[in-house]
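Comments concern the structure below.
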Amino acid sequence: MAERRSAREVLALVTDAGSFTDIPCVIREPEPDGPLGWQGYDASRARAAERTGEEESVVCGTGRVEGVPAVLIAFEFGFLGGSLGGRTGDRLEAAYAYAREHRLPVVPLIATGGSRMQEGMLALTQLQRVARQSALTREAGLAQIAVLRDPTTGGGWATLGAGADVVLALPGAQVGFAGSRVRPPDADPAAYTAQAQLAAGAADAVVAPAELKGVLGAWLRLLSRGTAGRRPAEPAPVPAALGEAALPATGWEAVRRARSPERPRAGAYLDAYFTHRAGIGGDRCGGRDDDGMLCGFGERDGRTVAYAAQTGSATRPAGYRTAARLIRLADRLGIAVLTLVDTPGAANDAEAERQGAGAAIAEVFAAVAGARVPVTTLVVGEGGSGGALALAAPGNTWVTPDGYFSVIAPELAAAILKRPPEEVEATAGQLRIRPQDLVELGVVRGIAEHTDHAVHADRPGT
């Protein structure tokens with residue numbers, strides 16, 4: 001079990017000293033024993049207030065996290081299990097409204113057992129209020145970063161937690177829709193932990209308490225630089241090429257160079273491009289991001305750029321869904337996107353089909369096509385068929401000298417055309433997949449050189 005801290009203790013853990021100030025909130029006068037007339041409810045609330053020093057189960061205010069201002073919502077689990085009631089809803093609504101008025105990100109620090117039984121369905125409907133406030137804040141282009149404490153269960157997990165843009169969790173925290181008192185008797189308790197939610201793609205990272213302030217501060221800096229609601233985002237610069245400078249003489253040479261294990265991969269490009277970066281993980285559909293896709297946000301020249309980068313292997317459905325999630329989030333926040341294409345193609349095994357490969361790829365096509373922020377693409381290796389094209393920005397795709405883009409792998413093209421294996425190399429040439437061919441055909445805009453802004457070739461009229 002994770003160490004439990006009070007609301008004020010966790011606020012002191014993550015905010016700069018002396019920076020936290022409570023947000024004023026007009027709270028309704030409670031009815032005797034609540035809206036249901038639940039006998040003993042007033043006495044329970046009085047004991048909770050005396051024990052915790054709080055008037056309700058949440059503390060809402062503004063503070064700075066490593067210098068970045070934010071609205072923070074800290075649950076007090078000692079107050080009736082951090083449960084949500086009508087007055088909790090009042091406070092949450094006021095906090096979100098304040099965030100939108102002052103254009104501040106929101107950080108829910110969650111520790112709740114769910115809705116308050118003594119207020120019945122009126123307590124449960126507070127989840128609708130919370131969901132509405134979260135949706136309005138999302139539409140305003142403001143980030144929401146949740147921290148899952150122990151426990152995070154019920155409606156608090158299903159709204160403030162799982163609905164956040166980035167989800168961080170403390171080690172050992174109980175996290176799940178079902179709390180420990182309502183699970184099936186034979187339930188595996190390991191399935192209801194922060195680590196399990198991370199493995200299932202429902203959380204982005206598990207962070208030790210000593211590191212929480214630094215991690216949270218880094219995320220707030222990255223996600224608070226978006227231009228949503230103010231001005232259009234500037235396109236991300238094309239990365240410099242890191243591999244060979246010479247262009248391939250033949251199509252098959254282009255294939256061999258793109259497949260070379262010595263060729264720089266996505267990690268090298270991201271390290272060279274960003275001063276620092278933070279990754280998101282998980283598709284929020286039960287799948288952890290696969291090794292074939294890296295997604296997150298990074299800092300370059302004092303601005304934030306989102307990235308979705310294939311790593312050279314066949315991309316799995318969870319990877320595509322994570323990329324789509326990344327692009328949609330960047331679009332809401334007004335942050336430009338960089339995509340790196342490098343895959344022999346989408347994973348096509350039976351398990352990938354069962355996991356919805358086609359629908360996952362369609363999500364990425366739709367996210368790129370519908371993005372209001374500029375998307376910049378660089379093909380850094382293999383560009384294999386639709387599984388690669390899904391990440392490519394129409395009109396703003398570039399290629400390195402050791403990359404290629406093809407309707408299908410030359411070997412498969414030859415097989416489909418019923419050609420013998422010895423004709424694979426000639427087929428690669430006929431497909432016109434070399435970087436210079438792609439420029440001439442108008443498939444890519446240009447060829448990246450070994451400087452940040454130079455271009456080897458550029459299509460006329462672009």
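To keep it simple, each residue is scored yes or no on (1) over 24 Å from L333 (Cα atoms); (2) basic (K, R); (3) surrounded by 23 or more Cβ atoms within 10 Å (Cβ to Cβ).
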site: A178; (1), (2), (3): yes, no, no
site: Y192; (1), (2), (3): yes, no, no
site: Q197; (1), (2), (3): yes, no, yes
site: A203; (1), (2), (3): no, no, yes
site: L212; (1), (2), (3): no, no, no
Output the number of the condition that L136 fails; it satisfies all remaining conditions of (1) surrounded by 22 or more Cβ atoms within 10 Å (Cβ to Cβ); (2) under 22 Å from L223 (Cα atoms); (3) touching a residue at least 40 places away in the same chain (Cβ under 8 Å); (4) among the hydrophobic types (A, V, I, L, M, F, W, C). (1)
Given the criteria touching a Pro at 6+ places or on another chain (Cβ under 7 Å) and of a type in the set (D, E), does E351 qualify? no
Return yes when P184 is of a type outside the set (V, I, T), farther than 18 Å from I280 by Cα and part of a strand (DSSP E or B) and no when it is not. no
Any hit, the range 140-161, residues being within 23 Å of V65 (Cβ to Cβ), assigned by TED's automatic domain parsing to the domain that holds R100, without any contact (Cβ under 8 Å) to a residue 12 or more places away in the chain and not aliphatic (A, V, I, L, M): no
With the checklist (1) surrounded by fewer than 23 Cβ atoms within 10 Å (Cβ to Cβ); (2) modelled with pLDDT of 95 or more in hand, flag the one item G172 doesn't pass. (2)
Please state which of the following conditions P248 fails to meet, knowing it meets all the rest: (1) more than 21 Å from A324 (Cβ to Cβ); (2) crowded, with 22+ Cβ neighbours inside 10 Å; (3) in contact with a strand residue (DSSP E or B) (Cβ under 6 Å, 6 or more places away or on another chain). (3)
Among the candidates R225, R263, residue that is within 18 Å of the chain's Cα centre (by Cα) and over 17 Å from G172 (Cα atoms): R225
Any idea which residue in the range 7-25 is farthest from the chain's Cα centre (by Cα), counting only those that are closer than 21 Å to A208 by Cβ and part of a loop (DSSP other than H, G, I, E, B)? A17
Scan of the range 34-51 for residues that are farther than 17 Å from L124 by Cα and assigned to a loop (DSSP other than H, G, I, E, B), ordered by number: Q39, G40
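The values are calculated or read from the model by the stated rules, or taken from the named source; none is laboratory data. What you see is a predicted model; the values in this text were computed from it and never measured. Every residue, glycine as well, gets a Cβ built from its backbone with ideal geometry; the counts of neighbours run over all protein chains shown.
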